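Structure, as structure tokens:
The values are calculated or read from the model by the stated rules, or taken from the named source; none is laboratory data. Given the structure is predicted, the values throughout are model-derived calculations rather than measurements. Counting neighbours? That spans all protein chains shown, and the Cβs are built from the backbone with ideal geometry, glycine included. With ligands, DNA and RNA removed, areas are computed over all heavy atoms of the protein, side chains included. Shrake-Rupley method; radii C 1.70, N 1.55, O 1.52, S 1.80 Å.
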Amino acid sequence: MRKKESIDSILDLRLRRTLQCPMSRIKVLPIELRNKIAAGEVIERPASVVKELIENSIDAGSTDISTEILRGGKGLIRVVDNGEGMDREDALLCIEPHATSKLLHEDDLFNIRTMGFRGEALPSIASVSRMRLVTGLRDALSGLSVEIEGGELKEVKDAPSMGTTLEIRDLFFNTPARKKFLKSDSTELFHIIDAVTKEALSHWEIGFRLFTGKQETMTLPRASGPRERILQTYGAEFLEGISEVNAETRGMKMTAFVTKGENFRATRSHQFIFLNRRPVKDQTVSHAVYSAYEGLLPQGKHPLFFLYIEIDPKTVDFNVHPTKREVRFEHKEEIHRFIAAGLRESLRTERDLRHAPFAEAPDWGKTSGPSGLPDFASGFPGPFSYAASPPSGGGVSENVELRYRPSVPFIYLGDTYVAMAGRGGLTLLDHHAAHERVLYERFVQGVDLASHQLLFPVQLKLSHSEYRMLIENKDLLGGMGIEIDDFGHDTLIVRTVPEALKEADLRGILSDVAASLTEGTRPEKPLREAVAARIACHASVRGKEILSEEGLQRLLSDLEKTEHPDQCPHGRPTKVLFSLDDLKKMFKRK
Ligand code: ADP
Ligand code: MG
């Protein structure tokens, strides 16, 4: 039935082509050109080929999938699986456009349970590469090898095999415009590693291996669940920084691994959404996670999350984009509510546990008088005092509204703003942004970093792509006072860090740096600057740290010495001045 339908449709297309009137302006495009157009949407770079081939192997019920890459996938991509394979007829049909074994009726389109369904990937890839497909049914002794070049069938021969191997050579050899946009081999390889990682995270029961050349760069044996797969991918220490949340309601289920405590990042790396096992991007879902962290997330920081969501496939449309990475939900608000509420509840419980009444009360709690207000009479020890509101709700208050020392002309507003009299008006300083600017310039120039040799070098297991990126850029980091060594097995040793990073979260920093290295940079922003900005953001005074008067004065004078004292490296203002004239205008005196 399926084959008959596919063959019919191919014949139908062929027939329509012959019916074309030579005089008409409108032409039905030849199949080869249509495939190339489809390839334009589906296959952006070698990583897209890897994704499509792995997803086909998953659909074929494979339990082991191995991928081999040469020259960032530009030379060769080979995906070998132990799935159900194809018989002779299917092996020839699968490269025809819109030929799929996964959809039969229109209804199926709204009940998708496979990774593929559009029947587009193989013909698209075949049209822009030299492809060899070797496949055979699991228990048969026969098999077929099919060679296609730029969409044209070159050779078909018997080749006994089990499972399927697809070899893609010289991607985009016949579409030079596309080829021109490919990045360096290592950048393309990182995209491939990311693609394999995403598939592996969502299909833990399958074993994945990745070879670059003959080197085995990633080995993920079959795992028992998402937790074990995350462990295999990022290491035990990473897992300690995230907590597991489970929630279920009618028609929806979620297992999530999300940031625990303050384990935030400066980028959105490590944010994954798997919807019915498909890696997707979705604003509604991401927004729901952020909203669960409302009030906990410092400005400019991002939570880590791995969300595994199962929903009734009839309530979601996966056919929104050719790459199937975007979705449309029938009940968007419900999904949002379900995720946000599930996470919020568990985060609150976790926070309450950590912040059990006064368990971790900061110093100001101890030095304040019985009213909770600072006890000036007893001689406040620091140069700075706080008029803190008493802890409320049994835990430590997160809303220290106003902290001030009456004898000096500045006050803290919230956690990061300082209001100062001077310069002919009122200056509001964002001390976090100011500190970031100072450190950023030091990192860019590699000066005044006061390197600090760690007494106990820190060992960090990272994801494979992070590890490779950092090792490749060891010298760049060295110039910024971060000395790392290769420890093998995706592990780095950090030996020296600049003074400003002594207490910072090294894993978070290096992970962010790797992300910015992977993103590559635009010509207007050299790599060094991008990396310096990331590190500075981590090293700068934490949101809740209050500087002493002396510290503040030092910061102001350091800030004035920088090239752009008015802006942090991300372009946000470090300070805003309300002149007396501005104030007069505000009070309608002018
Ligand atoms: P889709 O995955 O959307 O069906 P593809 O072009 O990716 O479209 O693949 C076409 C068909 O080829 C699939 O429906 C499947 O029947 C067959 N196929 C592709 N790859 C494999 C594989 N690794 N093992 C078995 N069958 C495969
Ligand atoms: Mg497919």
Item to check | Sole residue being near ligand 1 (Cβ under 7 Å from one of its atoms) and either more than 24 Å from the chain's Cα centre (by Cα) or not charged (D, E, K, R) (or both), chosen from G61, G85 | outcome: G85
Item to check | Filter result (near ligand 1 (Cβ under 9 Å from one of its atoms) and among the β-branched types (V, I, T)) within the stretch 97-119 | outcome: T100, T114
Checklist entry - With respect to H538, is the statement that it is modelled with pLDDT of 85 or more and under 29 Å from G414 (Cα atoms) true? => result no
Checklist entry - Is there a residue being under 23 Å from P313 (Cβ atoms), touching a helix residue (DSSP H, G or I) at 6+ places or on another chain (Cβ under 7 Å) and not assigned by TED's automatic domain parsing to the domain that holds A533 anywhere in the stretch 227-237? => result yes
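Can you confirm whether the stretch 135-146 contains a residue that is farther than 21 Å from A47 by Cα and within 16 Å of ligand 2 (Cβ to nearest atom)? I'd like the intermediate steps shown before the answer.
Pass one, the stretch 135-146, residues farther than 21 Å from A47 by Cα: 135-146.
Next, from what is left, pick out any that are within 16 Å of ligand 2 (Cβ to nearest atom): 135.
Scanning the stretch 135-146 turns up at least one residue that is farther than 21 Å from A47 by Cα and within 16 Å of ligand 2 (Cβ to nearest atom).
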Checklist entry - What is the residue count in the stretch 120-141 for residues that are more than 12 Å from ligand 1 (Cβ to nearest atom) and either without any contact (Cβ under 8 Å) to a residue 24 or more places away in the chain or surrounded by 17 or more Cβ atoms within 10 Å (Cβ to Cβ) (or both)? => result 6
Checklist entry - Looking at the stretch 92-113, which of its residues are without any contact (Cβ under 8 Å) to a residue 12 or more places away in the chain and either outside the structural domain of D158 (by TED's automatic domain parsing) or within 25 Å of R130 (Cα to Cα) (or both)? => result none
Next on the checklist: Need the failing condition index for V49 against (1) surrounded by fewer than 21 Cβ atoms within 10 Å (Cβ to Cβ); (2) within 16 Å of ligand 2 (Cβ to nearest atom); (3) under 28 Å from the mean Cα position of the chain (by Cα), just the number.
Outcome noted: (1)
Checklist entry - Can we say E68 is more than 13 Å from ligand 2 (Cβ to nearest atom), in a helix (DSSP H, G or I) and not aromatic (F, W, Y)? => result no
Item to check | Filter result for R268 (surrounded by fewer than 18 Cβ atoms within 10 Å (Cβ to Cβ), under 16 Å from the mean Cα position of the chain (by Cα), basic (K, R) and not assigned by TED's automatic domain parsing to the domain that holds L109) | outcome: yes
Checklist entry - Taking the stated definitions as given, is K51 in contact with a helix residue (DSSP H, G or I) (Cβ under 6 Å, 6 or more places away or on another chain) and at pLDDT below 95? => result no
Item to check | Sole exception among (1) more than 11 Å from ligand 2 (Cβ to nearest atom); (2) open to solvent by 60 Å² or more (accessible area, probe 1.4 Å) for L109, by number | outcome: (2)
Checklist entry - Restricting attention to the stretch 132-149, does a residue exist that is over 25 Å from L33 (Cα atoms) and in contact with a helix residue (DSSP H, G or I) (Cβ under 7 Å, 6 or more places away or on another chain)? => result yes
Item to check | Per-region count, the stretch 274-295, residues open to solvent by less than 40 Å² (accessible area, probe 1.4 Å) and either over 16 Å from the mean Cα position of the chain (by Cα) or over 14 Å from T259 (Cα atoms) (or both) | outcome: 13
Checklist entry - Just one of I509, I493 is touching a residue at least 24 places away in the same chain (Cβ under 8 Å) and in a strand (DSSP E or B); which is it? => result I493
Item to check | Entirely in the stretch 410-483, the helices (runs of 4 or more DSSP H) that have 1 or more residues that are more than 20 Å from G300 (Cβ to Cβ) and open to solvent by less than 50 Å² (accessible area, probe 1.4 Å) | outcome: 464-472, 474-478
Item to check | Residues satisfying the stated conditions in the stretch 172-211, i.e. among the charged types (D, E, K, R) and open to solvent by less than 20 Å² (accessible area, probe 1.4 Å) | outcome: E188, E199
Checklist outcome for this item: Condition set loosely packed, with under 13 Cβ neighbours inside 10 Å and not in a helix (DSSP H, G or I), scope the stretch 332-357, selection modelled with the highest pLDDT: answer is A356
Checklist entry - Inside the stretch 114-130, can you point out the residues that are out of contact with any helix residue (DSSP H, G or I) (no Cβ under 6 Å at 6 or more places or on another chain) and within 16 Å of ligand 2 (Cβ to nearest atom)? => result F117, R118, G119, L122, A126, S129
Item to check | Residue match in the stretch 300-310 (condition: surrounded by fewer than 21 Cβ atoms within 10 Å (Cβ to Cβ) and at pLDDT 95 or above) | outcome: yes
Checklist entry - For the subset of the stretch 52-65 comprising residues that are open to solvent by less than 10 Å² (accessible area, probe 1.4 Å) and more than 24 Å from T175 (Cα to Cα), which member is nearest to ligand 2 (Cβ to nearest atom)? => result E55
Item to check | Single residue of the stretch 87-104 satisfying the filter (buried (at least 17 other Cβ atoms within 10 Å of the Cβ) and within 12 Å of ligand 2 (Cβ to nearest atom)) that is modelled with the highest pLDDT | outcome: C94
Checklist entry - In the stretch 72-85, what count of residues is obtained for those that are open to solvent by less than 40 Å² (accessible area, probe 1.4 Å) and either within 12 Å of ligand 2 (Cβ to nearest atom) or part of a loop (DSSP other than H, G, I, E, B) (or both)? => result 4
